[in-house]
Amino acid sequence: MSVDFQYTPHISTLAFASGSAPNATAELKTRPEDFLVDEILGFEPSGEGEHLYLHVKARDYNTEYLLEHIARNLGVAKNSVVYSGQKDRYAVTTQWFSVHLPGNADIDVSVLENENVTILAAKRNLKKLRRGAHKGNKFTIRLKNIAGNQQDITAAIEDIQRRGFPNYFGPQRFGRDENNIATALASVAVGRSPKKRFQRSIVFSSLRSMLFNLSLSQRIEQGSWRQQLDGDVFALSGTESFFSPDTSTGEAEQEILERLSSGDIAIAGVLFGDGDIPQSKKALEVLAPILETHQNIVAFLIKQRVAVAVRPLSVLPKDFSFEWGTNDELELSFTLPKGAFATSLLREFVVC
């Protein structure tokens with residue numbers, strides 16, 4: 001199987017909620033301080049236990065590099081250090097790590113600090129941090145040198161405030177020039193996944209994320225990404241939990257509409273893998289072209305026992321505000337559930 005345009009680049013081919021690509025352009029991340037990300041853990045460490053939770057502020061460090069920095073300076077193995085969510089390098093971020101440090105002795109965490117790394121908190125917990133354990137992320141983003149109609153940009157942002165944006169996986173998921181997809185397709189071609197766990201994770205996530213993006217794009221083109229189809233299921237915001245609605249009464253149907261409007265739930269798409277696809281009837285029918293066109297990828301994921309899951313088709317940002325500044329600058333602040341990409345929100349109204 002060869003890698004062709006239908007696979008890479010795919011993000012540039014995805015449909016827009018408005019029906020067309022934005023005309024506005026802007027500069028993003030001219031410096032790390034233009035892209036602030038604060039991880040929201042959603043719970044408080046207990047204060048006792050074998051696992052030291054670290055709340056770390058970093059500038060220009062990606063998550064893997066920061067993990068290595070923590071392990072090296074605390075003198076522990078890399079597999080003793082875990083994090084909940086990955087963060088970009090060229091940014092200023094806060095995120096949580098846990099380090100397995102048995103015993104009750106105080107640990108000098110100041111050895112981790114330098115001009116780019118600050119420890120905001122250190123607290124023990126009984127259990128280690130799990131991947132995806134955090135609740136969400138708060139973003140503060142500054143766009144510079146914007147070229148475009150300010151009224152059109154404002155209208156597009158206000159529409160996202162009211163109705164949300166397509167929950168595409170952003171370009172960070174696929175590596176530089178989407179090279180992770182090419183690597184993953186090579187594994188599909190030979191029918192084997194990499195031996196190393198981290199590389200397997202990249203292969204599986206790249207394939208499933210790409211197919212999700214393509215299926216979401218298809219529903220946007222059909223006008224049904226925010227419109228329930230017969231057989232659709234609903235995802236709870238920020239989770240992989242889903243349910244089939246009971247709309248047998250007008251009251252139940254009204255409750256579904258209210259929860260959709262509030263962003264508490266969203267129509268769910270599928271992350272293909274091993275197991276029954278939860279959609280049925282018309283919702284399953286619209287997935288048929290994706291299943292047929294990419295059946296070799298789906299078969300590979302099933303063979304590798306990657307569990308089927310769901311993901312919301314749309315995201316409604318919380319606490320969303322924006323302000324125009326001087327010199328054609330725009331600052332945005334919003335909170336997204338874990339797994340949602342700020343770049344997918346920006347994509348809807350500006351080309352960066």
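In table form, for the structure just shown:
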| read-out | value |
| --- | --- |
| Subset of the range 186-222 (residues that are crowded, with 18+ Cβ neighbours inside 10 Å and either modelled with pLDDT under 95 or β-branched (Val, Ile, Thr) (or both)) | 188, 193, 202, 203, 220 |
| Contacts under 8 angstrom Cβ, first residue in the range 18-37 being farther than 18 Å from residue 95 by Cβ, partner among the hydrophobic types (A, V, I, L, M, F, W, C) and at pLDDT below 95, 6 or more apart | 25/352; 26/352; 27/352; 28/352 |
| Residue under evaluation residue 49, criteria (1) touching a Leu at 6+ places or on another chain (Cβ under 7 Å); (2) of a type in the set (Gly, Ala, Ser); (3) under 17 Å from residue 172 (Cα atoms), criterion not met | (3) |
| Members of the range 299-317 that are touching a residue at least 60 places away in the same chain (Cβ under 8 Å) and closer than 25 Å to residue 227 by Cβ | 309, 310, 311, 312, 313, 314, 315, 316, 317 |
| Residues being under 24 Å from residue 91 (Cβ atoms), surrounded by 18 or more Cβ atoms within 10 Å (Cβ to Cβ) and not hydrophobic (A, V, I, L, M, F, W, C) - total across the range 105-134 | 1 |
| Given (1) of a type outside the set (A, V, I, L, M); (2) in contact with a helix residue (DSSP H, G or I) (Cβ under 7 Å, 6 or more places away or on another chain); (3) assigned to a helix (DSSP H, G or I); (4) surrounded by 21 or more Cβ atoms within 10 Å (Cβ to Cβ), number of the condition residue 225 does not satisfy | (3) |
| Which listed residue is assigned to a loop (DSSP other than H, G, I, E, B), acidic (Asp, Glu) and closer than 29 Å to residue 295 by Cβ, from 230, 246 | 230 |
| Matching option when the condition is under 18 Å from residue 123 (Cβ atoms) and among the hydrophobic types (A, V, I, L, M, F, W, C), among 74, 67 | 74 |
| Test result for residue 13, out of contact with any Phe, Trp or Tyr (no Cβ under 9 Å at 6 or more places or on another chain), hydroxyl-bearing (Ser, Thr, Tyr) and either within 30 Å of residue 221 (Cα to Cα) or surrounded by 17 or more Cβ atoms within 10 Å (Cβ to Cβ) (or both) | no |
| Segments classed as strands (runs of 3 or more DSSP E), wholly inside the range 261-352, with at least 3 members that are over 25 Å from residue 35 (Cβ atoms) | 265-271 |
| Per-region count, the range 304-352, residues of a type in the set (Phe, Trp, Tyr) and out of contact with any helix residue (DSSP H, G or I) (no Cβ under 6 Å at 6 or more places or on another chain) | 3 |
| The listed residue being farther than 20 Å from residue 14 by Cβ, surrounded by fewer than 17 Cβ atoms within 10 Å (Cβ to Cβ) and in contact (Cβ under 8 Å) with a residue 12 or more places away in the chain, out of 255, 323, 329 | 329 |
| Matching strands (runs of 3 or more DSSP E) fully within the range 69-155 where at least 2 residues are in contact with a helix residue (DSSP H, G or I) (Cβ under 9 Å, 6 or more places away or on another chain) and under 24 Å from residue 333 (Cα atoms) | 92-100, 117-125, 136-147 |
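The values are calculated or read from the model by the stated rules, or taken from the named source; none is laboratory data. What you see is a predicted model, and the numbers here were worked out from it, not measured in a lab. Counting neighbours? That spans all protein chains shown, and the Cβs are built from the backbone with ideal geometry, glycine included.
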